[in-house]
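The values are calculated or read from the model by the stated rules, or taken from the named source; none is laboratory data. Keep in mind the model is a prediction, meaning the values are calculated, not measured. Virtual Cβ from ideal backbone geometry, glycine too; neighbours counted across all protein chains shown.
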Amino acid sequence: MKHLLGLREISKEDILKILNLAKDMKTILKSETKKTPHLQGYSVVTLFYENSTRTRTSFELAAKFMSANTTSISVQTSSVQKGESLLDTVKTLEALKTDVLIVRHSVSGVPHFIAKNCSFSVINAGDGMNEHPTQALLDMFTIRERLGTIEKLKIAIIGDILHSRVARSNIWGLSKFDNQITVFGPQTLIPPYIENFANVASSLEEAVSGKNVVIDLRIQLERQKRGFITSKQEYYKFYGLNEDIMKYVSDNTLIMHPGPVNRGVEISSEIMQLPNSTINEQVTNGIAVRMAVLYLCTRKEGIYR
Ligand code: CP
């Protein structure tokens, strides 16, 4: 049984193994046919209880490029709407001969629960406010490709840290490589005890100054049941990556965002177009990283046992 549930529980060596393999997978992506036989005979299923464009599509393309049989379950049109439980859905997928399940759910820990109750591999595509491991892996891949290293860097993570599984996976993953991580956002969106895992900046200027990488986050309005921000306009003024704050950011600093972007709230359209902005590159790299993860999760001698 082999899974990818989070970056907290895997080693630096495992992460490097994925990133190194993703580099090879990227050459396949650039080839004319975009096809390898590595997942021939495997059934790969995506089950997303939350919306997605990048993660779901890139996992599906990654599996198809590797010759897997793929299918996507739309929760809106599935028997979940008739009241079928998560466990019964899992048992049904087992009966349907699933080999790898890629799951996204609004509740933290759902992929771990499924992994304990099934015979197939489980890949976490985002669970509540817990982890989004393949997003952090593709971020790390992009950083390494652009800067030549993922070690000993100064990295700022800006925005809605409280609700962000991307922030958590990046903090777990990047911390294994001796990086200096700083977070900043509205006080209401900074989780308690974060200072045990990252520096907390007291201003946006301080957060972005002298950094090799700035990871800007989406405001997760769907997880905000009460007023965490006063208004989108005010958020942009004080926490957004706008022209004023770019005075403090070097031309060599990578500007990253996992997407989807709220333009003019988290970041300006002009900054998204800069040569040091990697937003679209991250999406492309996501396919290569997910190909590597699918490959490793289906090998008998794989890293997740
Ligand atoms: N970054 C990310 O997870 O995007 P999607 O929600 O579109 O998959």
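What the table below lists for this structure:
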{"read-out": "Verdict on V122 being among the hydrophobic types (A, V, I, L, M, F, W, C), in contact with a His (Cβ under 7 Å, 6 or more places away or on another chain), closer than 17 Å to L4 by Cα and within 13 Å of the ligand (Cβ to nearest atom)", "value": "no"}
{"read-out": "Verdict on T55 being of a type outside the set (G, A, S), surrounded by 13 or more Cβ atoms within 10 Å (Cβ to Cβ) and under 30 Å from W172 (Cα atoms)", "value": "yes"}
{"read-out": "Every residue from the stretch 4-19 that is in contact (Cβ under 8 Å) with a residue 60 or more places away in the chain and either within 16 Å of the ligand (Cβ to nearest atom) or of a type outside the set (G, A, S) (or both)", "value": "L4, L5, G6, L7, R8, I10, K12, D14, I15, K17, I18, L19"}
{"read-out": "Of the criteria (1) of a type outside the set (D, E, K, R); (2) under 26 Å from T55 (Cβ atoms); (3) part of a loop (DSSP other than H, G, I, E, B); (4) free of Cβ contacts under 8 Å to residues at least 24 places away in the same chain, which one I219 fails", "value": "(4)"}
{"read-out": "So H112, is it within 13 Å of the ligand (Cβ to nearest atom), in contact (Cβ under 8 Å) with a residue 40 or more places away in the chain and not hydrophobic (A, V, I, L, M, F, W, C)", "value": "no"}
{"read-out": "Counted residues, the stretch 118-139 - those being surrounded by fewer than 23 Cβ atoms within 10 Å (Cβ to Cβ), small (G, A, S) and at pLDDT 95 or above", "value": "1"}
{"read-out": "Filtered residue count, the stretch 257-283, keeping only those that are in a helix (DSSP H, G or I), within 13 Å of the ligand (Cβ to nearest atom) and of a type in the set (V, I, T)", "value": "2"}
{"read-out": "Residue identified as surrounded by 21 or more Cβ atoms within 10 Å (Cβ to Cβ) and either touching a helix residue (DSSP H, G or I) at 6+ places or on another chain (Cβ under 9 Å) or aromatic (F, W, Y) (or both) among V45, V80", "value": "V45"}
{"read-out": "Among the residues listed as T98, T27, the single one being in a helix (DSSP H, G or I) and either hydrophobic (A, V, I, L, M, F, W, C) or more than 16 Å from the ligand (Cβ to nearest atom) (or both)", "value": "T27"}
{"read-out": "One residue from K26, K2 being at pLDDT below 95, closer than 28 Å to A167 by Cβ and surrounded by 16 or more Cβ atoms within 10 Å (Cβ to Cβ)", "value": "K2"}
{"read-out": "Candidate set: the stretch 267-292, residues that are among the hydroxyl-bearing types (S, T, Y) and under 19 Å from the mean Cα position of the chain (by Cα); chosen: the one nearest to I255 (Cα to Cα)", "value": "S277"}
{"read-out": "Pick from the stretch 140-184, criterion closer than 25 Å to L21 by Cβ, polar (S, T, N, Q) and in contact (Cβ under 8 Å) with a residue 40 or more places away in the chain, ranking: surrounded by the fewest Cβ atoms within 10 Å (Cβ to Cβ)", "value": "T142"}
{"read-out": "Check on S74, among the polar types (S, T, N, Q) and in contact with a helix residue (DSSP H, G or I) (Cβ under 9 Å, 6 or more places away or on another chain)", "value": "no"}
{"read-out": "All positions within the stretch 200-216 that are part of a loop (DSSP other than H, G, I, E, B) and over 17 Å from L189 (Cα atoms)", "value": "S209, G210, K211, N212"}
{"read-out": "Number of the exception - G185 against (1) among the small types (G, A, S); (2) under 23 Å from G240 (Cβ atoms); (3) within 16 Å of the ligand (Cβ to nearest atom)", "value": "(3)"}
{"read-out": "Unmet requirement for T230, which otherwise passes all of (1) more than 16 Å from the ligand (Cβ to nearest atom); (2) under 26 Å from G126 (Cα atoms); (3) at pLDDT below 95", "value": "(2)"}
{"read-out": "Residue match in the stretch 43-59 (condition: part of a helix (DSSP H, G or I), out of contact with any Gly (no Cβ under 7 Å at 6 or more places or on another chain), under 17 Å from Y295 (Cβ atoms) and within 16 Å of the ligand (Cβ to nearest atom))", "value": "yes"}
